[in-house]
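Just below is one structure, and these are the notes that go with it.
The values are calculated or read from the model by the stated rules, or taken from the named source; none is laboratory data. These numbers were taken from a predicted model, which means no experiment stands behind them. Cβ sites come from the backbone with ideal geometry, for glycine too, and all protein chains shown count toward neighbours.
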Amino acid sequence: MRSERTQVGIVGAGPAGLLLGHLLQREGIDTMILELRSRAYVEARIRAGVVEHGVVGLLEEVGAGERLRREGLVHRGIELQFAGERHRIPLSDLTGGKTIVIYGQTEIVKDLIRLRLDSGAPLRFEVSDVSLHGLDRERPAIRYRHGGEELELVCDVVAGCDGFHGISRASIPPGFLSEFSREYPYGWLGILAAVAPSNDELVYAHHERGFALLSLRSPTLSRLYLQCRPDEDLARWPDERIWEELQLRLALPGWTLREGPILEKGVTGMRSYVCEPMRYGMLFLAGDAAHIVPPTGAKGLNLALHDVRLLAESLVDFLGSGRTSGIDSYSDRCLRRVWRAEHFSWWMTQMLHRPENQEPFDLRLQLAQLRYVTSSEAAATVARGELRRPLVSPAVEEEPTTLGCAGR
């Protein structure tokens with residue numbers, strides 16, 4: 001087994017791992033990123049598409065925002081539809097002029113991979129047999145196979161950015177973590193269609209047949225979702241049935257939902273999950289490796305990138321000066337934001353989705369909440385906070401948790 005050395009070994013080449021690597025490399029800290037999948041797979045998988053104002057600024061700060069600004073679709077509001085009417089939530093008015101940008105996570109990954117490869121820093125795809133060792137020691141190691149060779153990467157720190165099903169969290173000894181979760185009794189049937197979006201802004205529809213979401217990816221691609229069972233059989237949903245159901249749930253007098261060829265479709269179950277703490281020894285978890293939110297609030301991607309911003313800040317201080325205050329407080333600082341986002345995403349989910357056999361009382365509560373949100377500025381603006389950001393410009397502020405930040 002051949003031994004290698006780096007300061008920070010990063011498991012996972014999603015947006016969190018790639019951004020962390022770039023933040024650290026530009027501060028002079030050596031990193032190596034390891035990814036199980038191929039580059040083609042990583043650059044093709046469809047994920048979230050709503051980028052909050054602060055994350056846009058962060059990506060621009062590190063040099064990954066040029067294409068986002070050129071091709072991303074800026075939104076200044078969203079629309080809530082219920083009881084046969086559509087109501088606009090003016091995001092920019094509620095957040096001092098801030099906006100959200102529709103730009104697929106896939107495109108962010110492509111931009112960050114290009115930055116990584118241009119820098120010459122190591123990024124290895126299609127590694128296998130990955131295992132973590134000595135996480136509670138001064139020099140942890142990542143063992144893996146690449147190109148038919150067995151390798152051991154000795155690190156100062158390991159960053160687990162490999163998602164909910166990755167090996168990082170699973171490598172923590174049983175009993176160390178406290179885990180909190182909730183499974184929801186519905187999922188989303190999502191499609192990507194080759195048709196121009198039918199609306200300039202996102203539409204969230206509360207309907208007697210279930211929730212529906214009209215989103216978009218570009219001027220020529222639409223992204224749409226239907227509430228369904230989490231174990232829904234896609235074979236029961238031919239294209240014609242999907243469009244028929246979308247037409248029913250999004251119907252509005254005088255407005256037309258455009259239809260087109262469906263390029264992709266799939267069913268996503270919905271869960272909330274948090275593990276505490278987000279650190280074990282010299283292993284630090286970030287993004288989906290530590291927490292999952294239901295997609296209704298569009299917080300997953302944005303939370304992950306805020307995690308690694310805080311982690312990069314902490315590691316620069318630790319590896320540069322030996323100070324441990326940042327890495328010791330990393331988990332607590334992340335979790336404060338995570339739990340706010342968990343609450344927001346749960347609230348959006350329970351307000352907009354229709355459970356099977358819903359009690360009339362519960363339906364009236366949903367409608368009352370929707371009417372309050374669409375008529376009260378205080379209800380539409382839920383929370384705001386502050387965090388330090390030495391690694392990025394002062395303009396990159398923590399996002400207020402508003403309805404305008406929702407969507408996927």
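Points worth noting:
- Long-range neighbours under 6 Å by Cβ, at least six apart or interchain, first residue among the charged types (D, E, K, R) within region 83-94, second surrounded by 16 or more Cβ atoms within 10 Å (Cβ to Cβ): 86/79; 88/77; 88/79
- Of all the criteria given as (1) surrounded by 17 or more Cβ atoms within 10 Å (Cβ to Cβ); (2) basic (Lys, Arg); (3) over 21 Å from residue 234 (Cβ atoms), the one not satisfied by residue 258 is (1).
- For region 218-235, the criterion of a residue being buried (at least 17 other Cβ atoms within 10 Å of the Cβ) and part of a helix (DSSP H, G or I) is satisfied by no position.
- Restricting region 352-365 to residues that are of a type in the set (A, V, I, L, M, F, W, C) and over 19 Å from residue 300 (Cα atoms), the residue that is farthest from the chain's Cα centre (by Cα): 361
- Filter pass, residue 63 being surrounded by fewer than 20 Cβ atoms within 10 Å (Cβ to Cβ) and touching a Leu at 6+ places or on another chain (Cβ under 8 Å): yes
- Filter pass, residue 288 being in contact with a Phe, Trp or Tyr (Cβ under 7 Å, 6 or more places away or on another chain), in contact (Cβ under 8 Å) with a residue 24 or more places away in the chain, among the acidic types (Asp, Glu) and in a helix (DSSP H, G or I): yes
- Residue check, residue 130 surrounded by 15 or more Cβ atoms within 10 Å (Cβ to Cβ), at pLDDT 95 or above, on the phi < 0 side of the Ramachandran plot and out of contact with any helix residue (DSSP H, G or I) (no Cβ under 7 Å at 6 or more places or on another chain): no
- Pairs, first within 18 Å of residue 129 (Cα to Cα) in region 5-23, second crowded, with 24+ Cβ neighbours inside 10 Å and among the polar types (S, T, N, Q), C-beta under 9 Å, six or more apart: 9/31; 10/31; 11/168; 12/168
- On inspection, residue 74 fails the criterion of being touching a His at 6+ places or on another chain (Cβ under 9 Å) and among the aliphatic types (A, V, I, L, M).
- Test result for residue 307, touching a strand residue (DSSP E or B) at 6+ places or on another chain (Cβ under 9 Å), modelled with pLDDT of 95 or more, surrounded by 15 or more Cβ atoms within 10 Å (Cβ to Cβ) and of a type in the set (Asp, Glu): yes
- Total residues in region 3-24 satisfying the condition of being among the polar types (S, T, N, Q), out of contact with any Cys (no Cβ under 7 Å at 6 or more places or on another chain) and buried (at least 19 other Cβ atoms within 10 Å of the Cβ): the figure is 0.
- Residue ID - surrounded by the most Cβ atoms within 10 Å (Cβ to Cβ), chosen from residues in region 331-385 that are of a type in the set (Val, Ile, Thr) and modelled with pLDDT under 95: 373
- The residue that is nearest to residue 122 (Cα to Cα), among those in region 144-197 that are surrounded by fewer than 18 Cβ atoms within 10 Å (Cβ to Cβ) and among the small types (Gly, Ala, Ser), is 147.
- Residue in region 204-213 that is of a type in the set (Lys, Arg), touching a residue at least 12 places away in the same chain (Cβ under 8 Å), under 29 Å from residue 272 (Cβ atoms) and part of a strand (DSSP E or B) present: no
- Annotation for region 71-90: no member residue is part of a helix (DSSP H, G or I), touching a Lys or Arg at 6+ places or on another chain (Cβ under 6 Å) and surrounded by 15 or more Cβ atoms within 10 Å (Cβ to Cβ).
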